[in-house]
Each structure stands twice: as C-alpha cells, then as structure tokens.
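Heads up, the thing below is written out as structure tokens.
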Amino acid sequence: MKDLSLLYLSRQDVETVGLDLPTIIELLEKAFRNKGEGSVELPPKPGIHTRPNAFIHAMPAYIPALHSAGIKWVSGYPDNPQRGLPYISGLIILNDEENGLPYAVMDCTWITAYRTGAASAVSAKYLARPDSKTLGIIGCGVQGRTHTEAMTTLFPIERVYAYDILPAAQEKFISEMGAKFPDLEFIPTRHPKEVVTQSEIVLTAGPILKNPTPTIEKDWLQPGAFATAVDFDSYWKGEALQQMDKFTTDDLAQMEYYRTLGYFKDTPQPYADLGEIVVGKKPGRESPSERCMAMNLGLALDDMAIAPTIYQRAVEMGLGVRLPL
C-alpha cells in the first residue's frame, strides 16, 4: 500500500484562497448545465434534526464535467448567533473519482455562503431583467452580504434597500457594505414591504422555518421583478408565490422530498429547475413584465462545483495540513 493522506483546509485556509465570484458563478453555471443534460448524480439530501428548526444534512454529489465527487456534512442552527456561533457550519469531503479515496477535507462555511449567492446569481442571469438597477435585501446576515456581491457582479446595481428584523444587524450591514461598495447607495427600511415594492431584484434570507408566518403579500413584487428566496417560503405568502409568472427551484426532486416532510404547504409546483433553464430545455424570462422567482434549496452540486478548484489553488499556495489516512 502507498502512503495515503488527505489535505485538511481550515476555514481560514479556504478564505485565504479567496476564490472570486465571477469564477464561482462560472463554475456553478457549468455544473447546472451538466445537471440539465442529465449527467449529474444528486440524491435528495437526508438529514437529522436535533432541535426545532435546526438541521444536520448529508449532501452528496457527483459532477462528471468537473471531475468532482464528494459530500458535505452541514448543520444550520438558528439560535447559534445568540451563542456567538455561526448559523451554518460543517465539512466537505472530496473523493477521487477514479478510486474513491478521500483526498481533501475542508471547512464549508465560506463555501456555503458564496455558492448560495452565486446560485442565485445564475438564476438571476436567466430570470431577471439584465438592466436591473435596484436590489432589495431582507435578512442582513451572511447571505445578504454574499448576494449583494454576487448580484453586483452581473447587474448594474445602483441602489440597495435593506431590512432586518434586528435594527443593529441592518445598521451593521449598511455600514460595512457601504464601505465595501462606495459607489452604491444603501437605503435602510422599516418594513419588508418597502424593500419588495421598490426593488427589481429581491432576496429573502431569514431562517428556514417548517411552519413560517410569512410577511410578503400579493402585488408587493413589481411586474418585471425577480426574487430569490434562500429561506424557502419563510417570507412569502402563498398568494404572492402563486402570482409568479415563472416559479423555479434548483432541484425538483429535492423540493418534492421536502414536501413529504411537511414543508411548502402553500408553495406552487415549480415551472422548471435551474438546470433545465441553463441547458435550454425551458426558457427563462420571456418578457420585461414577468414576475419571476427562484426558490433555490441549496444543493451539494453547488459545493462540489467549487470545492475542487479551492483544493487545487490551496495546493498551489501551500495551504492546509496533510493528514494520514
């Protein structure tokens, strides 16, 4: 037997690699094109739930076009920020597609944050108006930040309307993001309606709830606008979702799996999944007046699309710790 080992990359290592958003978006679009062609293995993610509204999920995927095979073991605990802990935490394991041996283990926190924003950006590329200049953020945490970065990568954003149930989080978001993007105007709001009615692209990023009490009503989203919900239907009333001209998700099978668990009680059936749109099996936006939404659930596909590139660049940079198997 050869001396076998794997490379461990800490959260700091992954952040040091600092993979840029245009590259992340490009890798995700390639992965979703592979998915639309039917050559990706992506079983619905099983999970365990040790506390109400908390989860620990196993997320495997294989993307032949990117030679990427592996799994993410990830948790989401809504009460963690009050404990000084991250809401999302976990690990990604990459396996060699030729022999199955694990060759890397890396922290998933940074990857989860940025791949989620990038997946929404891929959806927006096909479903939002390309001249969209106003962005609305509901939930000024990690996803509010990464989505702002991702959407400004693809769209000529000029103004960002921000709301958070915690005023301090909203103030911090506007202060930090205003410093990072001095050419953008960041506007605080007092209610989600102000965000939704004034924005051409809307993000909702609160905690994922099995039995939500949604806020966003019918007619708030303006004709021609695009919305992306990374918190499932936690913010959107059924009447508002039914109003969408095109309602999409990132994986149809996974949404059906969640329905069997009691989620999405008032959520319509999707028109298409993102892979079908990227590969051209179903059209994206077809008119300037369509209301479009992507309710992406978060796929292992997203993580496996970028983890091998992070590994390769970490090796080139001499990062990480080599551990024996």
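Nothing in this text is a laboratory measurement; each read-out follows from the coordinates by a stated rule. This structure is a prediction, so every number in the text was calculated from the model and none was measured. Don't worry about glycine lacking a Cβ; one is built from the backbone with ideal geometry, like all the others, and counts go over all protein chains shown.
Taking every alpha-carbon pair under 8 Å whose residues sit at least 6 apart, region 143-293 reaches a relative contact order of 20 percent. Relative contact order for the chain: 23 percent, from Cα pairs under 8 Å spaced at least 6 residues apart, divided by residue count. Close amide H partners of Lys282, meaning residues 5 or more places away or on another chain with modelled amide H under 5 Å apart, are Ile277.
Applied to region 264-271, the Karplus parametrisation 6.51 cos²θ - 1.76 cosθ + 1.60 on θ = phi - 60° returns per-residue 3J(HN,Hα) values of 6, 5, 10, 9, x, 6, x, 6 Hz, with x for Gly and Pro. Here the simple spin-label model places points 7 Å from the Cα toward Cβ, and for Glu37 and Glu98 these points are separated by 2.1 nm. From helices alone, the chain scores -10500 deg cm²/dmol at 222 nm; the rule is -39500 (n - 2.57) for each run of n ≥ 4 DSSP H residues, then divide by the residue total. Using the Cβ-Cβ distance between Leu325 and Ile48 with R0 = 30 Å, the FRET efficiency computed as 1/(1 + (r/R0)^6) comes to roughly 0.70.
Rg/Rh for the chain (Cα atoms only, Rh after Kirkwood) is 0.96. Count Lys and Arg as plus one, Asp and Glu as minus one, and take only other residues whose Cβ is under 14 Å from that of Gly178; the net charge is then -2. Loop-located GluC sites (Glu not before Pro) across region 232-325 with a Cβ neighbour count of 12 or fewer within 10 Å are Glu286, with loop assigned by DSSP.
Over all pairs of different C-alpha atoms in region 119-298, the reciprocal of the mean inverse distance, the Kirkwood hydrodynamic radius, equals 16.1 Å. When all alpha carbon pairs of region 106-180 are counted in 5 Å bins from zero, the resulting P(r) reads 3, 16, 26, 24, 19, 9, 3, 0 %. Along the Cα-to-C-beta direction of Ile165, a point sits 7 Å from the Cα; which residues of region 219-263 have their amide N less than 16 Å from that point? Residues 230-237 fall inside that zone.
For region 185-248, a/c is not less than 1.5, where a ≥ b ≥ c are the root eigenvalues of the C-alpha gyration tensor, and a/b does not top b/c. That puts it in the oblate class.
Once the Cα atoms are used to define both axes, helix 300-317 deviates from the longest principal axis of the chain by about 50 degrees.
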